Amino acid sequence: MEIKGYTYGYGAVKGTYKSERAARSREALMETGINWVCLAFSVKQKTYSSTEIFFDFRRSVPDLEVISTIEHFHKNNVKVCLKPMIDTEDGVWRARIDFPDQTVFEEDKYWKKWFEYYKAFILHYAEIAEYTGCEMLCLGCEMLGTERKEAYWRDLIAAVRNVYTGKLTYNTNHGHEDEAAWYDALDYIGTSAYYRVAAEGGASLTQMKAEWEKIAENLEKISEKMKKPIIFMEVGCRSARGCATMPWDFLRKEFPHDEDEQANFYESCLSTFSDKPWFAGIFWWDWSCVIYDTPEEAAKDNGFNTHLKKAEEVVKKYYCS
């Protein structure tokens, strides 16, 4: 497995990356044995149907903070995948960003304008990725509504290749790994692998691994067909009982704390995929910029964080070996 990584940085706002607590969090993250990190941050458009994307100078992470964070990881021999993302201020999942392909008077009127903004957004960060020597750039995340617009995506990829010399990927959602025709223009097929691997809370390691094996069989076929290695750009499970039945969940606060279920999810995934030749690796979702410091705090956290939980020891076993 080439990529032993975590996602870091999502949810940050202006000032977060340069804080002392964020620096401590990065140091703790690097102790897990990572050799890659996916630096993820978002810029927002007002609604899912907005055609314009604007940097918010009040809140968005400034370029200098992005650059200094990349440099911090590089100084510690950790490779970086830069992952600029779009979110919506109205809270609608970015997968719902979509427009009509044709109006009465003009074909692709809204798509043309949106992709003009999105292309400029990605090219800005492609230049930063090139300047800082990022080893990989992710061109988008879970933007299912846009994926059918092949010509626009191919044009964007060609433009990025003109300014960035590293590897390119895109982060689709699980179950869509072979649906977009333009994935052949990328170096890796990336996916948010929030696959359901349990029928109910408290599933065993054996039960989860059996489900991952079925998923692996299908993904291997896709990798062979597309002639591309696959990366889990996002995957994870909260430390709460029942979350392996819905690994994408971050809202169900009533689920009780359960480190065993989270650890079984991580162990079953790593034991299934770590030796697959077509599988490039994992960026676990996610490692917070501001992390708790004690086991007592970890025992109260039911989120995706693995720090000071059983799942962290699982990751270290595979990452440090």
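The values are calculated or read from the model by the stated rules, or taken from the named source; none is laboratory data. Computed from a predicted model, the values in this text were never measured in an experiment. Note that we place each Cβ from the backbone using ideal geometry, even for glycine, and neighbour counts take in every protein chain shown.
Quick look at the numbers
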{"quantity": "Residue ID - modelled with the lowest pLDDT, chosen from residues in the stretch 9-21 that are closer than 30 Å to SER321 by Cα and crowded, with 22+ Cβ neighbours inside 10 Å", "calculated": "GLY9"}
{"quantity": "Residue under evaluation TRP111, criteria (1) under 28 Å from LYS4 (Cα atoms); (2) surrounded by 19 or more Cβ atoms within 10 Å (Cβ to Cβ), criterion not met", "calculated": "(1)"}
{"quantity": "The stretch 90-102 residues that are crowded, with 17+ Cβ neighbours inside 10 Å, paired with ones that are in a helix (DSSP H, G or I) and among the β-branched types (Val, Ile, Thr) (beta carbon under 7 Å, 6 or more apart)", "calculated": "ILE97/THR146"}
{"quantity": "Residue that is touching a strand residue (DSSP E or B) at 6+ places or on another chain (Cβ under 9 Å), under 20 Å from LEU29 (Cβ atoms) and either assigned to a helix (DSSP H, G or I) or among the acidic types (Asp, Glu) (or both), where the choices are ASP301, ASP293", "calculated": "ASP301"}
{"quantity": "Top-ranked residue in the stretch 73-89 [being farther than 26 Å from MET30 by Cβ and among the charged types (D, E, K, R); ranked as surrounded by the fewest Cβ atoms within 10 Å (Cβ to Cβ)]", "calculated": "GLU89"}
{"quantity": "Filtered residue count, the stretch 288-312, keeping only those that are under 16 Å from the mean Cα position of the chain (by Cα) and within 13 Å of ARG21 (Cβ to Cβ)", "calculated": "2"}
{"quantity": "For THR132: the one exception among (1) within 25 Å of ARG21 (Cα to Cα); (2) polar (S, T, N, Q); (3) out of contact with any strand residue (DSSP E or B) (no Cβ under 8 Å at 6 or more places or on another chain)", "calculated": "(3)"}
{"quantity": "Members of the stretch 114-152 that are surrounded by fewer than 15 Cβ atoms within 10 Å (Cβ to Cβ) and among the aliphatic types (A, V, I, L, M)", "calculated": "ALA120, ALA151"}
{"quantity": "Residue match in the stretch 153-168 (condition: surrounded by 21 or more Cβ atoms within 10 Å (Cβ to Cβ), at pLDDT 95 or above and polar (S, T, N, Q))", "calculated": "no"}
{"quantity": "Filter pass, VAL37 being crowded, with 19+ Cβ neighbours inside 10 Å and not in a helix (DSSP H, G or I)", "calculated": "yes"}
{"quantity": "Considering residues of the stretch 265-279 that are surrounded by fewer than 23 Cβ atoms within 10 Å (Cβ to Cβ) and touching a strand residue (DSSP E or B) at 6+ places or on another chain (Cβ under 8 Å) only, the residue farthest from ALA40 (Cα to Cα)", "calculated": "TRP278"}
{"quantity": "Residue within the stretch 152-164 that is in contact with a Pro (Cβ under 9 Å, 6 or more places away or on another chain) and of a type in the set (Asp, Glu) present", "calculated": "no"}
{"quantity": "Test for ASP249: is it part of a loop (DSSP other than H, G, I, E, B), more than 28 Å from ILE70 (Cα to Cα) and modelled with pLDDT of 95 or more", "calculated": "no"}
{"quantity": "Count of residues meeting criterion [part of a loop (DSSP other than H, G, I, E, B), more than 20 Å from the chain's Cα centre (by Cα) and surrounded by 16 or more Cβ atoms within 10 Å (Cβ to Cβ)] in the stretch 222-246", "calculated": "2"}
